[in-house]
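A.B. asks: Okay, handing you the structure first.
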Amino acid sequence: MAPYHVLRCCQRSLAWIPVIFINLVVGWSYYAYVVELCIFTIPNNAEKISYLLVFHLFFIMFIWSYWKTICSRPASPSKEFGLPKAEKEQYEKEERPDVQQEILKKVAIGLPVYTRTGTGAIRYCDHCQVIKPDRCHHCSTCEMCVLKMDHHCPWVNNCVGFSNYKFFVLFLAYSMLYCVFIAATVLQYFIKFWTLCRRRSVGDCPQNQLPDTHAKFHVLFLFFVAAMFFISILSLFSYHLWLVGKNRTTIEAFRAPVFRNGSDKNGFSLGFSRNVAEVFGDEKKYWLLPIYSSHGDGHSFVTRLVNLDPEQLAVGLQINGKSAVDGPTSPKHSLGNSIHHSEDHLDSILEQTGAETVTVTIESES
């Protein structure tokens with residue numbers, strides 16, 4: 001056991017290398033922009049002050065959202081999804097898979113669990129010993145089940161999931177703005193320094209050129225690094241915006257979630273505006289701030305009435321509550337409160353999603 005723990009400790013230490021690398025690059029970019037460019041290079045005070053004000057705005061929001069993504073502990077299933085003691089002992093003693101499934105089905109009756117494995121079985125994590133809530137997956141790196149898991153990101157050394165997905169999207173957005181602002185404002189000085197580097201001496205330079213100092217190396221590399229990171233982050237940010245609009249995780253984009261009556265890639269999609277609100281919340285004043293404002297508790301999600309089977313109709317439509325802005329809903333919630341049986345409420349949901357009757361399939365999104 002000792003060698004395993006030593007190995008895990010080494011792996012966890014090495015996992016911080018990408019985070020340290022990003023922080024070193026950001027720290028150098030701060031010095032290069034503020035000191036070498038704004039203080040030592042830009043002669044115009046009005047230009048210098050305006051650049052510094054906007055730069056620090058993007059810098060603060062970028063660092064804030066980045067460290068919120070890193071420090072937000074991944075949300076795991078609550079104790080309600082664990083097997084009771086008697087069923088757990090029975091499950092561990094039983095060797096027949098079909099009997100084990102019967103035990104899991106018996107426990108899952110009172111839980112808002114509607115997704116299945118590819119074979120139609122109840123999703124159960126043997127490592128964490130819990131029935132997996134919808135959209136929950138086990139992360140082998142974090143060694144835990146993560147609610148609404150999107151992916152494990154080495155650049156933040158953390159799982160991106162229900163507890164920090166909004167922070168991750170904002171981190172991509174502000175890092176992209178940070179890079180594009182640096183590249184845009186540095187461009188004119190990059191061109192001047194690049195021209196200067198091709199001169200043999202300062203005396204041969206035209207009057208509009210800058211003096212040949214060590215700042216030119218920082219400015220030249222600053223432009224290249226900012227442009228490179230902007231191009232790479234732009235594609236990733238665009239992809240996650242598409243996922244938000246479709247209400248999918250990265251895992252669901254590659255493997256459609258399977259419900260009781262089959263897979264459906266749009267099973268959790270509720271329309272663009274409601275999909276965005278599920279991640280960013282209803283109050284738009286909090287959308288651009290790395291403050292928790294997402295809907296729900298991560299254990300149950302609103303599902304579209306697609307190919308609705310009799311069993312699902314009997315249980316009712318899952319409705320996830322809206323949590324407070326200051327943090328996620330406590331895992332000690334009453335799971336029964338997320339299920340509504342009101343016909344009037346069901347009719348309103350059907351009216352919003354465009355379905356005419358319960359037995360009619362909602363038009364799938366393109």
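A.B. asks: Can you tell me which residue among LEU187, LEU111 is touching a Phe, Trp or Tyr at 6+ places or on another chain (Cβ under 8 Å), of a type in the set (A, V, I, L, M), modelled with pLDDT under 95 and not in a helix (DSSP H, G or I)?
C.D. replies: Within the list LEU187, LEU111, the selection yields LEU111.
A.B. asks: So, one more: List, please: which pairs have Cβ atoms under 8 Å, are six or more places apart or on different chains, and start with a residue in the range 216-227 that is of a type in the set (Lys, Arg) and end with one that is assigned to a helix (DSSP H, G or I)?
C.D. replies: LYS216/PHE193; LYS216/LEU196; LYS216/CYS197
A.B. asks: Which one of the conditions (1) touching a Leu at 6+ places or on another chain (Cβ under 6 Å); (2) under 30 Å from ALA215 (Cα atoms); (3) touching a residue at least 60 places away in the same chain (Cβ under 8 Å) does GLU80 fail to meet, given that it meets all the rest?
C.D. replies: Tallying (1) touching a Leu at 6+ places or on another chain (Cβ under 6 Å); (2) under 30 Å from ALA215 (Cα atoms); (3) touching a residue at least 60 places away in the same chain (Cβ under 8 Å), GLU80 fails exactly one: (2).
A.B. asks: So which residues in the range 257-281 are under 18 Å from the mean Cα position of the chain (by Cα) and farther than 15 Å from VAL302 by Cα, if there are any at all?
C.D. replies: Within the range 257-281, PHE280 is the sole residue that qualifies.
A.B. asks: Next up: Answer yes or no as to whether ASP297 is surrounded by 19 or more Cβ atoms within 10 Å (Cβ to Cβ) and more than 30 Å from GLY27 (Cα to Cα).
C.D. replies: Yes: the conditions hold for ASP297.
A.B. asks: Got at least one residue in the range 148-171 being over 30 Å from PHE230 (Cβ atoms) and either open to solvent by 20 Å² or more (accessible area, probe 1.4 Å) or not in a helix (DSSP H, G or I) (or both)?
C.D. replies: Checked the range 148-171: no residue is over 30 Å from PHE230 (Cβ atoms) and either open to solvent by 20 Å² or more (accessible area, probe 1.4 Å) or not in a helix (DSSP H, G or I) (or both).
A.B. asks: Looking only at helices (runs of 4 or more DSSP H) that lie completely in the range 1-97, which have at least 2 residues being farther than 24 Å from PRO133 by Cα, of a type outside the set (Lys, Arg) and open to solvent by less than 90 Å² (accessible area, probe 1.4 Å)?
C.D. replies: Where helices (runs of 4 or more DSSP H) fall fully within the range 1-97 and carry at least 2 residues being farther than 24 Å from PRO133 by Cα, of a type outside the set (Lys, Arg) and open to solvent by less than 90 Å² (accessible area, probe 1.4 Å), they are 2-14, 17-31, 45-71.
A.B. asks: In the range 254-274, what count of residues is obtained for those that are more than 14 Å from THR119 (Cα to Cα) and of a type in the set (Ser, Thr, Tyr)?
C.D. replies: 2
A.B. asks: Taking into account only those residues within the range 234-269 that are of a type in the set (A, V, I, L, M, F, W, C) and more than 22 Å from HIS137 (Cα to Cα), which is least open to solvent (accessible area, probe 1.4 Å)?
C.D. replies: Filtering the range 234-269 for residues that are of a type in the set (A, V, I, L, M, F, W, C) and more than 22 Å from HIS137 (Cα to Cα), the one least open to solvent (accessible area, probe 1.4 Å) comes out as PHE237.
A.B. asks: Could you list all residues from the range 105-137 that are touching a residue at least 40 places away in the same chain (Cβ under 8 Å), open to solvent by less than 30 Å² (accessible area, probe 1.4 Å) and not basic (Lys, Arg)?
C.D. replies: LEU111, PRO112, TYR114, THR115, VAL130, ILE131, PRO133, ASP134, CYS136
A.B. asks: Do we find a residue being touching a Phe, Trp or Tyr at 6+ places or on another chain (Cβ under 8 Å), open to solvent by less than 40 Å² (accessible area, probe 1.4 Å), among the hydroxyl-bearing types (Ser, Thr, Tyr) and modelled with pLDDT of 50 or more anywhere in the range 312-326?
C.D. replies: No, there is no match, as no residue in the range 312-326 is touching a Phe, Trp or Tyr at 6+ places or on another chain (Cβ under 8 Å), open to solvent by less than 40 Å² (accessible area, probe 1.4 Å), among the hydroxyl-bearing types (Ser, Thr, Tyr) and modelled with pLDDT of 50 or more.
The values are calculated or read from the model by the stated rules, or taken from the named source; none is laboratory data. Given the structure is predicted, the values throughout are model-derived calculations rather than measurements. Cβ: placed from backbone, ideal geometry, glycine included. Neighbour counts: every protein chain shown. Surface accessibility is based on the protein's heavy atoms, side chains included, excluding ligands, DNA and RNA. Shrake-Rupley method; radii C 1.70, N 1.55, O 1.52, S 1.80 Å.
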